[in-house]
1. Counting helices only, and only those DSSP H runs with n ≥ 4, report the 222 nm mean residue ellipticity of the chain as the sum of -39,500 (n - 2.57) divided by its residues, in deg cm²/dmol to the nearest 500.
2. I need the peptides 34-41, 15-22 ranked by packing, meaning the mean over residues of other C-beta atoms within 10 angstrom, with the highest value on top.
3. How large is the accessible surface of residue 56 in square angstrom, using a 1.4 angstrom probe and rounding to the nearest 10?
4. Report the local net charge at residue 50: Lys and Arg +1, Asp and Glu -1, summed over other residues whose C-beta lies under 13 Å from its C-beta.
5. Could you derive backbone 3J(HN,Hα) for the range 11-24 from the dihedral phi with the Karplus parameters 6.51, -1.76 and 1.60 (θ = phi - 60°), listing whole Hz in sequence and x where the residue is Gly or Pro?
6. May I ask you to work out the translational diffusion coefficient for the range 13-70 at 37 °C, viscosity 0.692 mPa s, via Stokes-Einstein with Rh from the Kirkwood sum over Cα pairs, reported in whole µm²/s?
7. Can you work out the accessible area per residue across the chain, with the rest of the protein chains kept in place, probe 1.4 Å, in square angstrom?
Amino acid sequence: MFPFENIQGCPNMIDLNIAWCNVTDASLIVIADCCPNIQSLNINGCPKITNISKHKFPYGCKIDQGAAIL
């Protein structure tokens, strides 16, 4: 089951905090496609996220991925 299955009903969402969720690139790409107006995205603590999915968000979207924990 896709954890963000209701995201399709939120095309006007501008701010999303999914910090410390078990999110993958595939999930984030669906979010980017369904929420084209996102201006701020917090994915701090989501180590499975790569630049592949982050580039799907609009130019100017503030993406907070936090500092890497080593």
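1. Numbers: 2 runs with 14 residues, N = 70.
Roughly -5000 deg cm²/dmol at 222 nm, from the helical runs in the chain.
2. On the way: 34-41: 16.8, 15-22: 14.6.
Ranked from most to least packed, the peptides come out as 34-41, 15-22.
3. 110 Å²
4. Numbers: positive: 48, 54, 56; negative: 25.
The answer is +2.
5. With coefficients 6.51, -1.76 and 1.60, one gets x, 9, 4, 10, 9, 9, 10, 10, 4, 6, 9, 7, 9, 10 Hz.
6. Working: Rh = 11.2 Å.
Reported coefficient: 292 µm²/s.
7. Numbers: 4630 Å² over 70 residues.
Here the residues of the chain average 66 Å² of exposed surface.
The values are calculated or read from the model by the stated rules, or taken from the named source; none is laboratory data. Fair warning: this is a prediction, and the values are worked out from it, not measured in the lab. As a convention, Cβ positions derive from the backbone with ideal geometry for all residues, glycine included, and neighbour counts pool all protein chains shown. Ligands, DNA and RNA are excluded from the accessible area calculation, which covers all protein heavy atoms including side chains. Shrake-Rupley method; radii C 1.70, N 1.55, O 1.52, S 1.80 Å.
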